[in-house]
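Please read the structure below before turning to the comments.
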Amino acid sequence: MNLLNFPPILQLRRNHALEHATIHLLTERGYAIRVVGRAAFNGFYLYGDLETEQVRAAAQEALERLRRGEHSLAVHPNCGTNLVTAGTMAGLAAVLAVGHRPRDRWERLPNVLLAATAALVLARPLGSLLQARVTTMADLGSMVIRGVHREKRGNLVIHFVETGPA
């Protein structure tokens, strides 16, 4: 069995896709200027000053649009997958460019900066590819939205979109 299709991992990937699609729709509507999401095994969290009905409507439409084949909604440019990919690639490029001889490391600084910058440029499409193939699954199967729950901690508004099988 492919580890990515192991039921708990698959559910997490599907929730990650629905989270991204929901954020895309909230942003299109002008609501999600500052929102952060986090997928979980039984749904996803949105952190930001949003109304519950906005979240509910966007999540339901996102579910329907992903089901209709709008799989590009599952990939988001501000996903943590992109950040991890960029950081990893830039760090590895810098380590490789600096080499292991300590006395001339400072002389290699221009090469390190060039290598790290090139890695960051390449990381953007790679991060999107990793999202599409590894960290999200746009085919939601029989997923349904079971509820949208709101919580407030100080000034922080948190919505949990609970999902599960039909």
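Only the coordinates and a few stated rules stand behind these numbers; no lab work does. Because the structure is a prediction, the values reported are computed rather than measured. Note: ideal-geometry Cβ built from the backbone for every residue, glycine included; neighbour counts use all protein chains shown.
For region 133-166, filtered to residues that are hydrophobic (A, V, I, L, M, F, W, C) and in contact with a His (Cβ under 9 Å, 6 or more places away or on another chain), the residue that is nearest to Arg65 (Cα to Cα) is Ala138. Looking at (1) among the charged types (D, E, K, R); (2) within 30 Å of Val75 (Cα to Cα); (3) exposed (fewer than 13 other Cβ atoms within 10 Å of the Cβ), which is the one condition that is false for Arg124? That leaves (3) as the condition not met.
Please enumerate the residues belonging to region 62-96 that are surrounded by fewer than 14 Cβ atoms within 10 Å (Cβ to Cβ) and of a type in the set (Lys, Arg). Hits for region 62-96 are Arg67, Arg68.
In region 147-166, of all residues being touching an Asp or Glu at 6+ places or on another chain (Cβ under 9 Å) and of a type outside the set (A, V, I, L, M, F, W, C), the one that is surrounded by the fewest Cβ atoms within 10 Å (Cβ to Cβ) corresponds to Asn155.
Could you look through region 3-61, keep only residues that are touching a strand residue (DSSP E or B) at 6+ places or on another chain (Cβ under 7 Å) and in a loop (DSSP other than H, G, I, E, B), and pick out the one that is surrounded by the fewest Cβ atoms within 10 Å (Cβ to Cβ)? Taking the candidates together, the pick is Asp49. Note on region 70-126: residues that are more than 30 Å from Tyr45 (Cβ to Cβ) and of a type in the set (S, T, N, Q) total 2.
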